Amino acid sequence: LSEKPQVSVLASAVTPGWLAAYVPDARRYDELLDEKGLIRPHWQPLLDQLTGDDARTVARRGLERTRRLIVENGVTYNVYADPQGADRPWALDPVPLLLLADEWRAIEVGLAQRARLLDALLADIYGPQRLLSEGLVPPELVFGHPNFLWPCQGIVPRGGNWLHVYAADLARAPDGRWWVLADRTQAPSGAGYALENREIVEQVLPEAIRQLEVQRITGVFSELREQLLSHGDEGENPLAVILTPGPFNETYFEHAYLSRQLGVPLAEGTDLTVRDDTVYLKTLAGLKRVHTILRRLDDDFCDPLELRSDSTLGIPGLIGAVRANRVVMANALGTGVLESAAWLGFLPRIAERLLGEKLSVPSVATWWCGEKPALDYVLTHLDKLVIKPTYPNQRFEPVFGRNLEGEKRRRLVQRLRARPYAYVAQEHLALSQTPVWRPHGALGFAATPVAIRMYAVAGPSGTRVMPGGLARVAADTAIDVVSTQRGGGSKDIWVLPDSAQEAVAASTVRTPSAQVRHDDIPSRLVENLYWFGRYTVRCEDKARLLRGTIAARSDEAVWSAASKFCRELGVCSVDGDPTACLRDDRNPQGVTADVRRLAWCASQVRTRLSASYWRAVNDMQRRLQDSVAAREDPRTALDQLLLSLAALAGFAFDDMTQDEGWRLLRVGRRLERLQFAAGLLAQHLASEWATRQSHVEWLLEAYDSNRIYRSRYVVAPRLGPMLDLLVRDSEHPRALAFQARAIARDLETLATSLGITGEMGLDEAIPQLTDAKLNALEAEGTEAEQARRAMSDRLRALSWAAGQLSDRLSLRHFSHITLDAQALAT
Amino acid sequence: MKGTVRYRIRHETAYEYRNDVVHSHQLLHLVPRPTAYQQCLEHVINVTPAFYRKRNEIDTFGNLVTRVEFDHPHRKLEVATDMEVEVHPRPAVNASDSLPWERTAAELAYRGSDPARDSLEAAKFRHESPYVRIKTLFNDYAAECFTRGRPILSCAQALMSKLHTDFRYAPGETTIATPLTEVLKNRRGVCQDFSHLMIACLRARGLAARYVSGYIRQIPASPDALVGWGASHAWVAIFTPPFGWLELDPTNDVFVGTDHVSVAWGRDFGDVSPLRGIILGGGSHRLSVGVKVEAIQ
């Protein structure tokens, strides 16, 4: 411990109540107070900052700021048990857990050793299996484990590392030592949350973090990135991706966050494909070879061809590519076999056999019941032990033996005797306790049990341990279970420097400022952006049409024509009433259904949207629902909706990176607008009221062009000038010609930047429309009527051509039907 | 060798898809692996449509596996294997000479010392696997066969006969997705179900059992025709010290001899499925399978 003399105070005596609610617990080690109840010296500077004259304000502001940043950054955690499957805001207490430099160094050494040990153990399990034949490892732990991947037997991973990211859960025992509770070897979660926590706490307690010279944690991420991108074959630009199970996974936020931090694209299984033992990412420009996959997908889901055939999340043929040494999996497939508490009891002997070393950080005492003497011990000491399942797929929640009585106890004993190898017993370790700010602005701190998750990364220069990590606190202050799924919270971990020199060296390591190369964006993402664009405009067009229709209720002739349009375009159902159709959520073409689709697409492209954008989408949907449920005037709901949609459009232009994805979003918006407008005008021209002023005026209103019409033409609304404005005007952004030209330009830019031959726009259809003599369409008589019909047909053809173009774009950029063949011919 | 039988076997599988399959990876377990009692003298696998790539490998259980990848749109996949296999008779064993079942289980369990080589191999086959969950239900069902101190082979034989008596062979009533608990409840199924169930009963007691896929001799005219021809067949191998692995066919209540040709073995059907593939596109499909087994000597 630090020898630096420090004025320590007796907590209860001196402080004006801010430790009043902090109750020391004789069974636990206390992070803040020593055995005498004195504040440990290394906490003093932080406490001085947090508990000055305006302690109450500091706490309130700190908690508020933290909450706001969490919402703004969209930090969430999905809870599987939640019936709504809703995201829950991440729980973070801004008061960090402090670790002295030499405490951390002991953990660092221990973690690096364990990472080395577990790597060697995996090499043996998937290789010669010497430990099994020497009897140092029970076959039950390997062959009985659902994440022992049989098809991976004999594979030596390219680069030689099984573990690229390794994490250990540790807790401090009453004796002050840190013990390992569990090893995380498959796809450890939480490192991203740790980084996010630091980012937030840095803003909440900027002075404290600077004054205490807290070690930075970003260096580890730079090293990870460098390592992930080190597996290219000669002359190739290496590409790494993060493989995620998708937005419904509990830690999806983190996957997206890491993707941004590491500058590595986020991909779902369907974004990747294996051809000839090589993994490819489907991108807009075609298939791009993937060299490294940082996976957040569980072992047995990774390849439905050779593993669980019911997995829709994996990549068929992946193991073939791994076997052929064409791709690096981080972590290697099958590393999940080490995720069982049962291993802890065997690790000391394995360490001696494989490394000739003793474990420098011990594991909590563990008995695997598969051995007779262990079972006997466990049965006679149940009260002191926690019973856990050996295998992760067992339906068995850990239980404290002392909590079981009578029938429940008898049943547990029966289970243990029937399948002893399926159970593990661990000593019940009382977690240490640490201060958290009391909620709701109550003054001072409360004590809560804490465990930490620490991370090691295989970097280019060997194993690097993150000087920091994720501290997790229990939801219930009385129990020793920390679980994010069960509502526990988190904290940042501050590792204090032991010399000024080290602090300087650490602070020179910079955050990776990497960006995903825009041509590496998975095409599924862009497909959703494209549809997001289409649905925003579709909602807008339909809402406007509906509002215009409802507004025309007093004019019987216009109302009936407008209602007919609404029905023909599907905005309300065949027998539906436009004023009631917002409430009809069964109409698949209704506004409500389209808003739902829009929100769904947005959820699929969430990684590309800023937090405020995402919030705007959610607010819009909620507001519409509320307004409809409250039976407000539909016009109010529609006005509100149109306003939100306008805001979304604004965001799309000001707030997004203007890359190919964005360009396709814009093409989507334009195609949609053009298709809808051409269809509506075609219908109008084919109707018997085509030349009536009131109807023309209504159409201009429904198309949000009344004002511009008035400024452009002196005449009252008439068919000829209206068509002039809505079809061939080259400056009015709602005109068909304007849209068609803009689409052509976007497609050209896209083709140039992707290096492909562009798609034909709508060039052929436009001149026919713009060359037409519009004023002749206004006349009475059959000739004019025929001319109107002909114009209507041409508009219909344009609308159809827009649909065709959309299909071609989908095939080409999203499904890779033509590009697949090309990619394989080379 | 006296009693040796030579077979000519043809195994055809055809998938017809409603829509184009754009891309497809297939794993085939169709070539009989060599064993002490059989040799595959000749085999050829014909695949249509034209494949992009085909490769032969050996899987983790020592089976011969062929990987095929297709990259052109197709609506039909046909795989036909022709083979000639020679099968030799196996020495008779005396059930009462096998170890009591409890001792067999105890020897397979971890005891903190180095295991014998063959029990380590057997240890691979005494755990739950995707198609064989272990439940106390199976323990109870088989209890009468496992009386105290009974030699394991007698137990296994009794279990096989019990299954044969209790269950009805009912093709088409179960699929590979039918859970074993349901098979046990309904008492109907096919070779796959009976084999999985027998394996579950054995593993529930800590014994080692593996799933063997293969073919069975075809004697259509005979009144005591063995069940299971016309399709691929499956049975069970049991680790039986001191004899090693012995094979029993619960569908026919017989020991495996020269009427059976093994192709592959694993923990359960999933490890040795004749054709296992993942396709892109295709929509719904229709599957037809035909197996012809002729003794030619």
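The values are calculated or read from the model by the stated rules, or taken from the named source; none is laboratory data. Bear in mind the structure is a predicted one, so any value in this text is a computation, not a measurement. Cβ placement follows ideal geometry from the backbone for every residue including glycine, while neighbour counts extend to all protein chains displayed.
Out of the residues in region A:538-554 that are over 18 Å from A:Pro588 (Cβ atoms) and of a type outside the set (S, T, N, Q), state the one that is surrounded by the fewest Cβ atoms within 10 Å (Cβ to Cβ). Before the answer, list the steps.
Going residue by residue through region A:538-554, those that are over 18 Å from A:Pro588 (Cβ atoms) are A:540, A:544, A:547-554.
Those still in the list that are of a type outside the set (S, T, N, Q) too: A:540, A:544, A:547-548, A:550-553.
Values: A:Glu540: 24, A:Arg544: 19, A:Arg547: 20, A:Gly548: 24, A:Ile550: 21, A:Ala551: 17, A:Ala552: 23, A:Arg553: 13.
The qualifying residue surrounded by the fewest Cβ atoms within 10 Å (Cβ to Cβ) is A:Arg553.
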Per the list (1) facing chain A (nearest Cβ under 9 Å); (2) within 27 Å of B:His260 (Cβ to Cβ), residue check on B:Gly112 breaks on (2)
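For (1) in contact (Cβ under 8 Å) with a residue 40 or more places away in the chain; (2) within 14 Å of chain A (Cβ to nearest Cβ); (3) farther than 25 Å from B:Tyr169 by Cβ; (4) crowded, with 19+ Cβ neighbours inside 10 Å, each residue gets a yes or a no:
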site: B:Thr240; (1), (2), (3), (4): yes, no, yes, yes
site: B:Pro250; (1), (2), (3), (4): yes, no, no, yes
site: B:Val254; (1), (2), (3), (4): no, no, no, no
site: B:His260; (1), (2), (3), (4): yes, no, no, yes
site: B:Gly281; (1), (2), (3), (4): yes, yes, yes, no
Every residue in region A:289-322 that is within 23 Å of the chain's Cα centre (by Cα) and away from chain B (no Cβ under 14 Å), please. A:Val290, A:His291, A:Thr292, A:Ile293, A:Leu294, A:Arg295, A:Arg296, A:Leu297, A:Asp298
Could you count how many residues in region A:723-752 are hydroxyl-bearing (Ser, Thr, Tyr) and either outside any helix (DSSP H, G or I) or modelled with pLDDT of 90 or more (or both)? 1
For the condition of a type in the set (Ser, Thr, Tyr) and free of Cβ contacts under 8 Å to residues at least 24 places away in the same chain, what is the one hit in B:Thr35, B:Thr60? B:Thr60
Hey, A:Ala611 under 30 Å from A:Phe814 (Cβ atoms) and out of contact with any helix residue (DSSP H, G or I) (no Cβ under 9 Å at 6 or more places or on another chain) or not: no
Within region B:127-177, the count of residues that are part of a helix (DSSP H, G or I), surrounded by fewer than 16 Cβ atoms within 10 Å (Cβ to Cβ) and under 20 Å from the mean Cα position of the chain (by Cα) comes to 1
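Yes/no per residue for (1) modelled with pLDDT of 95 or more; (2) more than 22 Å from B:Arg33 (Cβ to Cβ); (3) more than 14 Å from chain A (Cβ to nearest Cβ); (4) touching a Gly at 6+ places or on another chain (Cβ under 8 Å):
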position: B:Arg210; (1), (2), (3), (4): yes, no, no, yes
position: B:Gln218; (1), (2), (3), (4): no, no, yes, yes
position: B:Gly230; (1), (2), (3), (4): no, yes, yes, yes
position: B:Phe269; (1), (2), (3), (4): yes, no, no, no
position: B:Val272; (1), (2), (3), (4): yes, no, no, yes
position: B:Val291; (1), (2), (3), (4): no, no, yes, yes
Check whether at least one residue in region A:23-34 is under 18 Å from A:Leu443 (Cα atoms) and modelled with pLDDT under 90, and report yes or no. yes
Give me the residue from region A:93-145 that is touching a strand residue (DSSP E or B) at 6+ places or on another chain (Cβ under 9 Å) and within 14 Å of chain B (Cβ to nearest Cβ) and, out of that set, surrounded by the most Cβ atoms within 10 Å (Cβ to Cβ). A:Pro138
Given the conditions (1) within 14 Å of chain A (Cβ to nearest Cβ); (2) over 21 Å from the mean Cα position of the chain (by Cα); (3) more than 26 Å from A:Ser309 (Cβ to Cβ), report the number of the one that B:Asp118 does not fulfil. (2)
Of all residues being in a strand (DSSP E or B) and within 14 Å of another protein chain (Cβ to nearest Cβ) in region A:238-278, which is surrounded by the most Cβ atoms within 10 Å (Cβ to Cβ)? Just the residue, please. A:Val274
Of (1) more than 22 Å from the chain's Cα centre (by Cα); (2) away from chain A (no Cβ under 14 Å); (3) under 27 Å from B:Ser213 (Cβ atoms), B:Pro100 fails just (3)
Is it fair to say B:Ile176 is in contact (Cβ under 8 Å) with a residue 24 or more places away in the chain, out of contact with any Asp or Glu (no Cβ under 7 Å at 6 or more places or on another chain) and either among the small types (Gly, Ala, Ser) or more than 14 Å from chain A (Cβ to nearest Cβ) (or both)? no
Kindly provide the set of residues from region A:153-192 that are on the phi < 0 side of the Ramachandran plot and within 14 Å of chain B (Cβ to nearest Cβ), ordered by number. A:Gln153, A:Ile155
Check whether at least one residue in region B:3-14 is at positive phi, away from every other protein chain (no Cβ under 14 Å) and modelled with pLDDT under 95, and report yes or no. yes
Got a sec? Which of A:Tyr377, A:Tyr391 is in a loop (DSSP other than H, G, I, E, B), of a type outside the set (A, V, I, L, M) and either closer than 26 Å to B:Ala105 by Cβ or within 14 Å of chain B (Cβ to nearest Cβ) (or both)? A:Tyr391
Residue check, A:Tyr421 closer than 18 Å to A:Leu344 by Cα, more than 34 Å from the chain's Cα centre (by Cα) and within 14 Å of chain B (Cβ to nearest Cβ): yes
Residues located in region B:126-154, provided they are touching a strand residue (DSSP E or B) at 6+ places or on another chain (Cβ under 9 Å) and either away from chain A (no Cβ under 14 Å) or among the acidic types (Asp, Glu) (or both): B:Arg148, B:Gly149, B:Arg150, B:Pro151, B:Ile152, B:Leu153
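Assess whether A:Trp150 counts as being modelled with pLDDT of 95 or more, surrounded by fewer than 21 Cβ atoms within 10 Å (Cβ to Cβ) and either within 14 Å of chain B (Cβ to nearest Cβ) or under 29 Å from the mean Cα position of the chain (by Cα) (or both).
Yes.
Yes/no matrix, rows are residues, columns are (1) assigned to a helix (DSSP H, G or I); (2) touching a residue at least 12 places away in the same chain (Cβ under 8 Å); (3) in contact with a Pro (Cβ under 8 Å, 6 or more places away or on another chain):
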| residue | (1), (2), (3) |
| --- | --- |
| A:Leu642 | yes, yes, no |
| A:Leu648 | yes, yes, no |
| A:Phe653 | yes, no, no |
| A:Met656 | no, yes, no |
| A:Gly661 | yes, yes, no |
| A:Leu665 | yes, yes, no |
| A:Leu674 | yes, yes, no |
| A:Leu680 | yes, yes, no |
| A:Leu685 | yes, yes, no |
Wholly within region B:19-70, which strands (runs of 3 or more DSSP E) include no fewer than the required count, namely at least 3 residues that are closer than 16 Å to B:Leu275 by Cα and within 14 Å of another protein chain (Cβ to nearest Cβ)? B:53-58, B:64-70
Tell me the residue from A:Gly803, A:Gly720 that is surrounded by 14 or more Cβ atoms within 10 Å (Cβ to Cβ) and either outside any loop (DSSP other than H, G, I, E, B) or at pLDDT 85 or above (or both), please. A:Gly720
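Taking region B:150-166, which residues are closer than 16 Å to B:Val190 by Cβ and free of Cβ contacts under 8 Å to residues at least 40 places away in the same chain?
The answer is B:Asp166, and nothing else.
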